[in-house]
1. Could you check the stretch A:20-35 and list, in sequence order, the residues that are surrounded by 15 or more Cβ atoms within 10 Å (Cβ to Cβ) and farther than 15 Å from residue A:196 by Cβ?
2. Taking helices (runs of 4 or more DSSP H) that fall entirely within the stretch A:36-129, which contain at least 1 residues that are under 20 Å from the mean Cα position of the chain (by Cα) and charged (D, E, K, R)?
3. From A:55, A:67, grab the single residue that is of a type outside the set (A, V, I, L, M, F, W, C) and touching a His at 6+ places or on another chain (Cβ under 7 Å).
4. Residues being in contact with a Gly (Cβ under 9 Å, 6 or more places away or on another chain) and within 24 Å of residue A:19 (Cβ to Cβ): count how many of those fall in the stretch A:57-79.
5. Search the stretch B:114-124 for residues being of a type outside the set (Ser, Thr, Tyr) and surrounded by 15 or more Cβ atoms within 10 Å (Cβ to Cβ), and hand back the single one that is nearest to residue A:145 (Cα to Cα).
6. Tell me yes or no: at least one residue of the stretch B:16-39 is without any contact (Cβ under 8 Å) to a residue 40 or more places away in the chain and either part of a loop (DSSP other than H, G, I, E, B) or touching a Gly at 6+ places or on another chain (Cβ under 8 Å) (or both).
7. Across the stretch A:206-232, what is the number of residues that are of a type outside the set (Phe, Trp, Tyr) and over 25 Å from residue A:15 (Cβ atoms)?
Amino acid sequence: MIKVENLHKHFGKLEVLKGISTNIQEGEVVAVIGPSGSGKSTFLRCINLLEMPTDGRIMINGQDITDKSTNIMKVRQNVGMVFQHFHLFPHKTALQNLTYAPMKVKGFSKSEAEKTGLELLEKVGLSAKAHEYPNRLSGGQKQRVAIARALAMQPEVMLFDEPTSALDPEMVKEVLDVMKDLAHTGMTMAIVTHEMGFAREVADRVLFLDGGVLVEDSSPEEFFSNPKSERARDFLQKML
Amino acid sequence: MNLDFQQFIPSLPYILKGIGVTLQIVSMAGILGFVLGIILSFFKISKFKFLGWIADAYTSVFRGTPLVLQLMLIYYGSPQLIGYKIDPSTAAVLSFGLNSAAYISEIIRAGILAVDKGQSEAAMALGVPYRPAMMDIILPQAMKNILPALMNEFITLTKESAIVTVIGVTDVMRRAYIVGGEKFSYFEPILIAGLIYYIMVMVLTVLGKGIERRMRRSD
């Protein structure tokens, strides 16, 4: 479903991604792991073109999204993203956060968008908070609303950029549970995370990045019990 | 010190009528300045360098010369510029509007840039194009940040509007001056004018605080 070929990304002189190639199948859950500065967030942000790749190709459903003629907005509507710091719209209620883009971009009527929005809030266990502003929600609740907001666009792929890194420890589980449920519905997901337990349990595949290079691309069992590279062993030793 | 306010009581309605003149000039100039200020601020954050250059040059000129000079340029220059003399209050609205646009554009530009970059990224990630993202997501949040500075600008405008006196607009200031001339005593009428300006500014201040409170509801 997603095909990444020889992806390069430079920020000025700094080369953050040094030629990454991989595939993500439909319904697959891929955990992207690596030390900070390894380029894993940049890799994720290239998939919805929040960062423009310097070189290489990314195909989503056979469409080359790095092609100049591609409508970036259309691509993004199909690829949901969840950020480390939520980025909910603070001047809109939880429900308005969910309904804004579908109404604006997809032309849903208000009642349609609200119906879907409420269903999604129900799914993430927050129907009671539909009319609260984000500042009245806890970190974990904010992130669950952010997940629902991305889902409201009915994307085919969901990207998660360290979704639990900014959360208090006791709120991590509620967010991971929502993501787990989502994985079970067959959603295609790419998750940058430091939650090794979660990656091991939920991911179908682990991508280990280091220094802008895809060092390992393997199943979680293999990666966690028997990492091939020295760097991965080193990394896991520090994490666990 | 012998103050005699008694003799000015009959002239009070005449001076007070100036409030309408002042308010009319200030509100129209305020609207002009705000609309033009928003446009200029968009120029300043535009990726087209040329637009940013124009807006910066505009701000530089209007901030770099005295307001009273701009007022007189527009008023006395109009016959040579457009072939006929515009009336003084039009000249006042134009010069104040153009002048405050320079300041307001800076205020709005800073306000837009102060909104967390994550907000526009979140909008982009949802496939929302630039214009609606700006209008619905960024600007409402920027407005909240810039409101105090904006209110300050309108207060300044209200006070500075007194310089229309020099081109003969009969605002509060001018009327106080005329009344003073009639009675050969300027001190009292100008004190009265001062009190009127102070009250107008206080009303604006309270109004601004009220709006600010309303906008902070979501905090």
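The values are calculated or read from the model by the stated rules, or taken from the named source; none is laboratory data. Since the structure is predicted, the reported quantities are computational estimates derived from the model, not experimental observations. Every residue, glycine as well, gets a Cβ built from its backbone with ideal geometry; the counts of neighbours run over all protein chains shown.
1. We begin by selecting, within the stretch A:20-35, every residue surrounded by 15 or more Cβ atoms within 10 Å (Cβ to Cβ); these are A:20, A:22, A:24, A:28-35.
Matches in the stretch A:20-35: A:20, A:22, A:24, A:28.
2. Per the criteria, A:40-47, A:72-78, A:110-123.
3. Values: A:67 fails: touching a His at 6+ places or on another chain (Cβ under 7 Å).
One residue alone meets the criteria, A:55.
4. Number satisfying all stated conditions: 4.
5. Of the stretch B:114-124, the ones of a type outside the set (Ser, Thr, Tyr) are B:114-119, B:121-124.
Retained after the next criterion (residues that are surrounded by 15 or more Cβ atoms within 10 Å (Cβ to Cβ)): B:115, B:118-119, B:121-124.
Values: B:115: 21, B:118: 16, B:119: 15, B:121: 16, B:122: 13, B:123: 15, B:124: 17 Å.
Filtering the stretch B:114-124 for residues that are of a type outside the set (Ser, Thr, Tyr) and surrounded by 15 or more Cβ atoms within 10 Å (Cβ to Cβ), the one nearest to residue A:145 (Cα to Cα) comes out as B:122.
6. No: zero hits.
7. Total meeting the criteria: 6.
This table checks each residue for (1) in contact (Cβ under 8 Å) with a residue 60 or more places away in the chain; (2) in contact with a Cys (Cβ under 6 Å, 6 or more places away or on another chain); (3) not aromatic (Phe, Trp, Tyr).
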{"position": "B:106", "(1), (2), (3)": "yes, no, yes"}
{"position": "B:121", "(1), (2), (3)": "no, no, yes"}
{"position": "B:127", "(1), (2), (3)": "no, no, yes"}
{"position": "B:145", "(1), (2), (3)": "no, no, yes"}
{"position": "B:154", "(1), (2), (3)": "yes, no, no"}
{"position": "B:167", "(1), (2), (3)": "yes, no, yes"}
{"position": "B:201", "(1), (2), (3)": "no, no, yes"}
{"position": "B:211", "(1), (2), (3)": "yes, no, yes"}
